[in-house]
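Here's the structure, in structure tokens; my notes come after.
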Amino acid sequence: NGLRKIKLRNLSSGVDSYISIDEETYSLNLGLNDDYTSDEIFYSYNSMTTPSTIFQYNMASNTKKVWFEKSLMDPSFKSSDYESQRIWATANDGEKIPVSIVYKKGIDLKTAPCLLYGYGSYGYTIPDGFSALRISLLNRGFVFASAHIRGSKYMGETWYEDGKLQKKMNTFTDFINAAEFIGHMGYCDKEKIYAQGGSAGGLLMGAIVNLAPYLWKGIVSQVPFVDVVTTMLDESIPLTTGEFEEWGNPNDPEAYYYMLKYSPYDNIHKMDYPAMFVTTGYHDSQVQYWEPMKYVAKLREYKTSANPLIFDCNMDAGHGGGSGRSNERLEVAKVYAFILGLEGILK
């Protein structure tokens, strides 16, 4: 069901066993193990509540101990103060969509705002890892959720194939269904759901806000790929032809009209859009700055609500944002300030 495990086989007895994991969702990898004769192996582990940790595991005694743990600057931080879960939303076609959530213990989930993150393209699976920066959001009463929608490979190759080309709409409806589920099932306040995604995840944001504007209190769309048809028709852009395998070739009428159904720029119409924060980088070579810029310009012309629409162009950044740790934290702070401001949380 999308979780990685480490299986151990005793070469003498042929008996298999697994290293036990206490949490429902996590990221797990083998460490550097270059001594074939050792009874001990190293593996790395982190989760939405646990910072990166290296465990030393004794295969003879089936015991483990912490060999290294990344520490936070905040000495008061304790993993045990936070709770993570994996829940399963139901998609329009009956598929079960895994959603990972994390929150601070003791909060009232039914009244808590939620930041729902998604990507869902190229087969890339968002790992359920730890974020020190996210703790400030959780400490202010937010639920953070990551929707493992089709277009990723969370549930295997078929999960990816069912979220690309002529099945791309599954990516968008899966995310909408995930939001509906966490709201209606009491994992957050359904009136306080925020959505975030970048690049192809920005395409996701553009699609879901057109399809279901009523669901979102705010949208964070970072370096978004939003003018799908125009960009994919321009074969002079170095990345375009290689992208035919992901989105389709718009010179094929069937692919053209399918892309046109979900392309965010082409589906903007007069309606009440939620609050939106759209970012770009002036030196972005993957989604050139004018693509989100024209998207924002059209939104400003068409939207009928008074909700804020903020466009932030970093004049020194590329597709991955500003370089350096301080710039990364500044960009995260802008996102948090946007959603915290909408919640009236001023400090």
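The values are calculated or read from the model by the stated rules, or taken from the named source; none is laboratory data. In this text the structure is predicted, and so the values were computed from the model without any measurement. Positions of Cβ are backbone-derived with ideal geometry, glycine not excepted, and every protein chain shown enters the neighbour counts. Ligands, DNA and RNA are stripped out before the accessible areas are found, and what is left, the full protein with its side chains, is counted by its heavy atoms. Shrake-Rupley method; radii C 1.70, N 1.55, O 1.52, S 1.80 Å.
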| From phi via Karplus (6.51, -1.76, 1.60), per-residue ³J(HN,Hα) for the range 303-313 in Hz, x at Gly/Pro | 5, 10, 9, 9, 5, x, 10, 10, 10, 10, 9
| task | Could you list, in their original order, any pairs among Lys217/Lys261; Lys104/Lys347; Lys5/Lys347; Lys153/Lys347; Lys104/Lys298 whose Cα atoms are separated by more than 29 Å? | result | Lys5/Lys347; Lys153/Lys347; Lys104/Lys298
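Mind running the shape call on the range 215-347? Use the C-alpha gyration tensor, a ≥ b ≥ c as the square roots of the eigenvalues: rounded below 1.5 for a/c, prolate if a/b tops b/c, oblate otherwise.
Working: a/c = 2.56, a/b = 1.37, b/c = 1.87.
Taking the square roots of the gyration eigenvalues as a ≥ b ≥ c, the range 215-347 is oblate.
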| task | Could you tell me which of rounded, prolate or oblate describes the range 1-93, using a ≥ b ≥ c as the square roots of the eigenvalues of the alpha-carbon gyration tensor, with rounded for a/c under 1.5 and, failing that, prolate when a/b is larger than b/c and oblate otherwise? | result | oblate
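Mind pulling the per residue volume of the convex hull built on the Cα atoms of the chain? Å³ is fine.
Numbers: hull volume 57.8 nm³, N = 347.
Each residue corresponds to 166 Å³ of Cα convex hull volume.
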| query | Convex hull over the alpha-carbon atoms of the range 127-176: what's its volume per residue in Å³? | reply | 77 Å³
| field | Net +/- balance of residues flanking Tyr57 in space, Cβ distance below 12 Å, scoring K and R +1, D and E -1 | value | 0
| note | Ordering 303-309, 148-154 by per-residue average of other C-beta atoms within 10 angstrom, highest first, gives 148-154, 303-309
| task | Please sort 190-197, 47-54 by packing, taking for each peptide the average over its residues of neighbouring beta carbons within 10 angstrom, highest first. | result | 190-197, 47-54
| query | With the other protein chains left in place, how much accessible area per residue, in square angstrom, belongs to the chain at a 1.4 angstrom probe? | reply | 49 Å²
| field | the range 115-136 versus the range 2-29: alpha-carbon centroid distance in Å | value | 24 Å
| task | Could you pull out every Cys in the chain that lacks a partner Cys with its beta carbon under 4.7 Å away? | result | Cys313
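Please work out how much length the chain gains when fully extended from Lys96 to Asp16, using 0.36 nm per residue of separation minus the C-alpha to C-alpha distance, in nm with one decimal. Each step should come with its number before you reach the end.
Details: separation 80, 0.36 × 80 = 28.80 nm, distance 2.94 nm.
That works out to 25.9 nm of additional length.
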| task | Would you mind telling me the share, in percent, of accessible area of the chain contributed by carbon and sulfur at probe 1.4 angstrom? | result | 51 percent
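When you count, for each residue, the other Cβ atoms within 10 Å and take the mean per peptide, how do 11-22, 214-225 rank with the highest first?
Details: 11-22: 9.4, 214-225: 23.2.
Highest-to-lowest ranking by the protection proxy: 214-225, 11-22.
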| remark: The long-range amide H neighbours of Gly31, using H built 1.01 Å from N in the peptide plane and a cut-off of under 5 Å, are Phe42, Tyr43, Ser44
| note | Scoring the chain by relative contact order with C-alpha pairs under 8 Å, at least six apart, yields a percentage of 11 percent
| message | Once each part is reduced to its C-alpha centroid, what is the distance from the range 295-347 to the range 271-293 in angstrom? | response | 10 Å
| query | Considering the alpha-carbon set of the range 62-151 alone, what are its Rg and its Dmax in angstrom? | reply | 15.5, 47
| request: Just need the relative contact order of the range 242-332 here, percent rounded to a whole number, with Cα pairs under 8 Å and 6+ apart. | output: 28 percent
